[in-house]
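**Student:** Have a look at this one.
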Amino acid sequence: MNTDLFAGILDAFNMAICVAYPIWRSYKVVESKKFDNELILWLSFWMISATVNKIEDFTYIILDFMIADSPPFSYSYKLLRMTFMAWLMHPKY
């Protein structure tokens with residue numbers, strides 16, 4: 001029960017960082033109509049995010065065997081993915 005609760009909280013936090021915040025920031029950039037480096041940043045983020053999601057879809061069968069028996073590996077993978085997506089959002093220029 002404890003691990004399921006932690007996984008649910010981690011998934012919700014991951015969704016907020018990897019989807020909700022980028023959607024809001026992308027909307028703000030498009031709404032402001034200033035098409036500069038920030039727009040390029042968010043377009044690049046969405047392209048890389050879509051690529052990562054597709055790679056996860058294709059490798060899900062392999063990862064399922066490794067993750068299903070080992071919840072700590074699942075948590076570390078989710079934390080690593082969330083950290084990578086956060087890094088994509090805030091690179092140094």
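**Student:** Contour minus end-to-end for Val52 and Tyr27, with contour as 0.36 nm per residue of separation and end-to-end as the Cα-Cα distance?
**Tutor:** Values: separation 25, 0.36 × 25 = 9.00 nm, distance 2.16 nm.
Difference between extended and current length: 6.8 nm.
**Student:** Also: What does the accessible area of Tyr77 come to, in Å² to the nearest 10, when a probe of 1.4 Å is used?
**Tutor:** Here the residue's solvent-accessible area equals roughly 70 Å².
**Student:** Continuing with the same structure: With a 1.4 Å probe and every protein chain left in place, tell me how much accessible area Ile62 has, in Å² to the nearest 10.
**Tutor:** Its accessible surface works out to 110 Å², give or take rounding.
**Student:** Residue by residue, what Karplus-based ³J(HN,Hα) values in Hz, rounded to whole numbers, does the stretch 7-18 have, using 6.51, -1.76 and 1.60 with θ = phi - 60° and x for Gly and Pro?
**Tutor:** 5, x, 5, 5, 5, 5, 5, 4, 5, 5, 6, 8
**Student:** What does the accessible area of Lys34 come to, in Å² to the nearest 10, when a probe of 1.4 Å is used?
**Tutor:** 100 Å²
The values are calculated or read from the model by the stated rules, or taken from the named source; none is laboratory data. In this text the structure is predicted, and so the values were computed from the model without any measurement. Quick note on the areas: whole protein, heavy atoms, side chains included, nothing else; ligands and nucleic acids left out. Shrake-Rupley method; radii C 1.70, N 1.55, O 1.52, S 1.80 Å.
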